[in-house]
1. How high is the relative contact order of segment 112-249, in percent, counting Cα pairs under 8 Å that sit 6 or more residues apart?
2. Quick one: compute the contact order of the chain, relative version, from alpha carbon pairs under 8 angstrom and 6+ residues apart, as a percent.
3. How big is the convex hull of the Cα atoms of the chain, per residue, in Å³?
4. So for 196, 116, fewest C-beta neighbours within 10 Å to most, what's the order?
5. Taking a spot 7 Å from the Cα of residue 224 along the direction of its beta carbon, which residues of segment 191-207 have an amide N less than 11 Å from it?
6. Taking the convex hull of the alpha carbon atoms in segment 1-152, what volume per residue do you get, in Å³?
7. How high is the FRET efficiency between residue 215 and residue 139 when r is their beta carbon distance and R₀ equals 22 Å, given to the nearest 0.05?
8. Given R₀ = 25 Å, what would the calculated FRET efficiency be for residue 96 paired with residue 25, taking r from the Cβ atoms and rounding to 0.05?
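The numbers here are math on the coordinates, done by the rules we state, and not lab data. Computed from a prediction, not measured in an experiment: that's the story for all the values here. Note: ideal-geometry Cβ built from the backbone for every residue, glycine included; neighbour counts use all protein chains shown.
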């Protein structure tokens, strides 16, 4: 029995990630895209994107990661123009920062001045979150669940998911917000005591994703309450989520 366990460790290596802020993901991971200066038929690229995440201004292409489904088809079709890097630190507290322009560096940061003072003063050591799936497809929900597994162990930072919004410090929203979930989401959010945090995890939550034009979507909730953190991805990777939350709540943490 013991020899069997030893063989598993030898074969798989150590699953526990010691430092979540300095991991290098495989090049197959689709993170922050790089848009080159190569000349291409821009209209073809723009029309090619099924979620209207690609646009052009002043002959410069841009990709909105809040809309992007990270399917990678644009990279396959226009490989000389678009390439997805393996940079997973994509969270930000400013929606406009999710728009990657041609020639931009592969880096997205939070705006320190836009972070509410009470967030880092109150939640710098402990943060309890209630996750609400408002019409999600379970992909983001599965990845958020993985944040607490043996690989990532988000709990080491005092960040955990809780069953009740009354015991939470904030809401993590996944899904495009369907009409059937709009009221339930608002009830859950209002049950969280002040000061409370609102985090949008995944493309569907940020923009509606492929469901943005659906008549079954009701996103008025986002017009009523300020968003503290946007975490792109389809689905959001645990490292993207954890690093984003750390940067939002900690005054300093090792990258």
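1. 29
2. Relative CO of the chain lands at 23 percent.
3. Enclosed volume per residue, from the Cα hull, is 150 Å³.
4. Lowest count first: 116, 196.
5. Under cut-off, by backbone N: 191.
6. 182
7. Efficiency for this residue pair is about 0.45.
8. The value I calculate is 0.50.
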